[in-house]
Amino acid sequence: MNGPITIRPGGPADIPAVLDLLDEAGEWLVAQGRTGQWGTQRQSGTPRRQQQAPMWADSGCQHLAFAGEKLVGVLVAGIPVDFVEPAPEPDLYINLLVTSRMHKGEGLGALLLDHARGLARAQGIGLLRLDCYGGGDGKLVRYYEGQGFTVARELRFGQWEGRLLEQRLQAQRPAPVQ
């Protein structure tokens, strides 16, 4: 990647770019034959994404990664979910992590996960959780495990197979006083 990545909050004006990035990721999944995660439909055309995109934009929980002026990643973290049991302690739930497939392997996902860790620590939260597709070849679960997450339990919604993952955060140590 040329130049630094900047992360800023997202808002309503960013909805079309976020949907475009979701379409790019969905098309890549289909091209890989990995349709179990999101299906074969363009993400921007699904009622689910049409409902989620404005909610994310208005939530204050959406964080966008840019390379120059180009959106290359989206993190949504902090919207409570009703399809998994509440954590036994305060947590920061990662609702969405998607990065540009044109920048695959460049560490954008890790950068956004680090951003989520920073958000959690700033709120005094020591637990990150997320759910992801757990079927097919298992690559997505292995990606998150490589990022320090562990599988908490399996999820199933109809034919969709997923995993609930969590990561405990180390407390940030205060800077030494000089």
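Matching residues to (1) touching a helix residue (DSSP H, G or I) at 6+ places or on another chain (Cβ under 6 Å); (2) surrounded by fewer than 16 Cβ atoms within 10 Å (Cβ to Cβ); (3) more than 22 Å from Leu169 (Cα to Cα):
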| position | (1), (2), (3) |
| --- | --- |
| Gln52 | no, no, yes |
| Met55 | no, yes, yes |
| Asp58 | no, yes, yes |
| Phe66 | no, no, yes |
| Val74 | yes, no, no |
| Gly78 | no, no, no |
| Val81 | no, yes, no |
| Pro88 | no, yes, no |
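Identify all residues within the range 140-159 that are free of Cβ contacts under 8 Å to residues at least 40 places away in the same chain, outside any loop (DSSP other than H, G, I, E, B) and under 20 Å from Leu29 (Cβ atoms); write none if there are none.
Val141, Arg142, Tyr143, Tyr144, Glu145, Gly146, Arg156
Of these, Gly136, Gly105, Gly124, which one is over 14 Å from the mean Cα position of the chain (by Cα), surrounded by 13 or more Cβ atoms within 10 Å (Cβ to Cβ) and in a loop (DSSP other than H, G, I, E, B)?
Gly136
Please state which of the following conditions Leu119 fails to meet, knowing it meets all the rest: (1) over 20 Å from Arg49 (Cα atoms); (2) part of a strand (DSSP E or B).
Every condition holds for Leu119 apart from (2).
Being not aliphatic (A, V, I, L, M) and not in a loop (DSSP other than H, G, I, E, B) is the filter here, so list the residues in the range 1-36 that pass it.
Result: Thr6, Arg8, Pro9, Pro12, Asp14, Pro16, Asp20, Asp23, Glu24, Gly26, Glu27, Trp28.
Please work out which one of (1) touching a Ser or Thr at 6+ places or on another chain (Cβ under 9 Å); (2) part of a loop (DSSP other than H, G, I, E, B); (3) surrounded by 19 or more Cβ atoms within 10 Å (Cβ to Cβ) is the condition Gly39 fails and give its number.
For Gly39, the failing item is (3).
Only the coordinates and a few stated rules stand behind these numbers; no lab work does. No experiment lies behind these values; they were computed from the predicted model shown. Neighbour counts run over all protein chains shown; Cβ positions are idealised from the backbone, glycine included.
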